Amino acid sequence: MNLKLKLKQALLTTIVAVSSILPLHIANASVFEETEVNQNKFVAIAQPFGQESTKYDLIVLEQIPGKQPCWSEAGSNPVIVEPLLMQFDFSGHCRRATDSNGYSIRVEGQDMGLEYLLTFEKKDGELLLVGMNSMDPGNKIIIGRTRGFSNGMMKVFLDSGWQFSKRNYQGETLGHVYFSYSGQLANQGN
């Protein structure tokens with residue numbers, strides 16, 4: 001019994017500690033700034049997955065200047081991307097972001113990663129890269145598009161006003177990639 005009581009107390013202490021830190025972490029998301037980057041050194045890719053390839057993951061690749069190429073592009077409408085980094089040890093040559101730990105949305109200097117999830121929607125013969133509000137799925141922001149459709153890995157072209165940037169903390173550029181927008185956004189939900 002004594003051990004059970006100690007475990008319950010330890011669990012309660014952990015829950016209280018985590019809940020007191022979590023809001024502080026969320027509030028401090030605004031301490032990040034952004035750094036402009038060379039847009040040609042980044043590519044956003046819609047990668048099909050699943051048996052029927054009807055779902056898509058977002059991958060962002062960054063080319064480190066002066067190093068072995070990380071991807072190649074072919075065709076148009078859509079542009080097919082071949083990730084060359086899979087053919088060699090890409091450490092020191094390429095950076096890869098495959099989920100919300102590596103990329104997020106930033107609008108008018110505000111991090112939106114906790115509010116908006118990046119996903120793909122197929123519409124009018126192309127894939128749209130969409131920021132979908134996690135609390136209100138009808139509240140969407142269109143960020144980019146593939147300009148056509150194929151079964152392969154497709155390049156995502158960012159819409160006007162959108163660009164890649166990097167997260168910055170106290171003057172140090174971090175690996176996190178932003179899909180950044182400056183200006184007023186309208187709700188683009190269906």
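Annotations for the structure displayed:
- Listed by position, the strands (runs of 3 or more DSSP E) inside the range 1-86 whose residues that are modelled with pLDDT of 95 or more and among the hydrophobic types (A, V, I, L, M, F, W, C) number at least 2 are 42-49, 55-63, 80-82.
- When residues in the range 52-76 are screened for being among the hydroxyl-bearing types (Ser, Thr, Tyr) and loosely packed, with under 11 Cβ neighbours inside 10 Å, 3 of them pass.
- Lone unmet requirement of (1) charged (D, E, K, R); (2) at pLDDT 95 or above; (3) closer than 18 Å to Val37 by Cα for Glu121: (3)
- Looking at Gly113, Gly125, Gly152, just one residue is in contact with a Phe, Trp or Tyr (Cβ under 7 Å, 6 or more places away or on another chain) and either assigned by TED's automatic domain parsing to the domain that holds Ile59 or under 25 Å from Gln63 (Cα atoms) (or both), and that residue is Gly125.
- Scan of the range 100-138 for residues that are outside any strand (DSSP E or B) and within 18 Å of Val177 (Cα to Cα), ordered by number: Ser100, Asn101, Gly102, Glu108, Gly109, Met112, Gly113, Leu114, Glu115
- Residue in the range 90-110 that is loosely packed, with under 11 Cβ neighbours inside 10 Å, of a type outside the set (Asp, Glu) and more than 18 Å from the chain's Cα centre (by Cα) present: yes
The values are calculated or read from the model by the stated rules, or taken from the named source; none is laboratory data. Owing to the predicted nature of the structure, the values given are computational and were not obtained by experimental measurement. Glycine also receives a Cβ, built like all others from the backbone with ideal geometry; neighbour counts cover every protein chain displayed.
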